[in-house]
Every structure is written in structure tokens, then in C-alpha cells.
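Report on one structure; see the data block that follows.
The values are calculated or read from the model by the stated rules, or taken from the named source; none is laboratory data. Since this is a predicted model, take the numbers as computed values, not measurements. Here the Cβ positions follow ideal geometry from the backbone for every residue, glycine too, while neighbour counts run over all protein chains shown. Note: accessible area is taken over every heavy atom of the protein model, side chains too, but ligands, DNA and RNA are not part of it. Shrake-Rupley method; radii C 1.70, N 1.55, O 1.52, S 1.80 Å.
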Amino acid sequence: PTREAAHEEIVAMGNEVYLGGSPFEAVAKRRSQSAYASDGGVHDWVTQGSLKNKEIEEAVFSIPVGRLSRIIENEDGFYIVEVLQRDAAH
């Protein structure tokens, strides 16, 4: 209902994964409000330059595989990214 409530929720979700050891996909399915929630937040492969949100793209291509990003905020809401796999560009 409010931006503050949304921020509190994303913090709780991140803590559930990072501190509590819950699988990212399970937390996303249960608590996320994104269009990909039913898929556990999983997106298909992306290439550099293909994402609209540059902060999310930066996280996708800079954080180590299996690690969580910091909380990313934009005009649409709050996000946490976990990279599951990365292939070298070819």
C-alpha cells in the first residue's frame, strides 16, 4: 500500500533468503508481487543492453553467481536479484 511497506517487505524477503537460508525461488513464489512471482522470480536469459532498468542490468552482470544483489529501487518498486548462471559472451 505504501513505498515504506514495500521496502519493509523486500527487506524481509531478502533476510529470509540471506539470513534464513530459504531458497530464493520459494520466497519469491510465496511473497513477491512481481509478474514472475509464480515462476519463483525466474527470468529467462538476458544479454547486456537488453534490460530497460540499468541498475538491475548492472547487478545481473556484476554480482557473483549464487549471490544476492543489494536492494534495487526504481520508480516501479524494489528488487533483489540472484544470478543463477552466467555464460561468457560469445
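Sort out which residues of segment 55-90 are more than 22 Å from R31 (Cα to Cα), open to solvent by 90 Å² or more (accessible area, probe 1.4 Å) and of a type in the set (A, V, I, L, M, F, W, C), and write them in order of number.
A89
Just for segment 1-15: of the residues that are touching a residue at least 40 places away in the same chain (Cβ under 8 Å) and of a type in the set (G, A, S), which one is surrounded by the most Cβ atoms within 10 Å (Cβ to Cβ)?
Among those that are touching a residue at least 40 places away in the same chain (Cβ under 8 Å) and of a type in the set (G, A, S), it is G14.
Specify which of the listed residues (K29, K52) is of a type in the set (K, R), surrounded by 15 or more Cβ atoms within 10 Å (Cβ to Cβ) and out of contact with any strand residue (DSSP E or B) (no Cβ under 6 Å at 6 or more places or on another chain).
Testing whether each residue is of a type in the set (K, R), surrounded by 15 or more Cβ atoms within 10 Å (Cβ to Cβ) and out of contact with any strand residue (DSSP E or B) (no Cβ under 6 Å at 6 or more places or on another chain) leaves just K29.
Would you mind finding the one in Y36, Y18 that is surrounded by fewer than 16 Cβ atoms within 10 Å (Cβ to Cβ), among the aromatic types (F, W, Y) and free of Cβ contacts under 8 Å to residues at least 40 places away in the same chain?
None of the other options fit; the residue is Y36.
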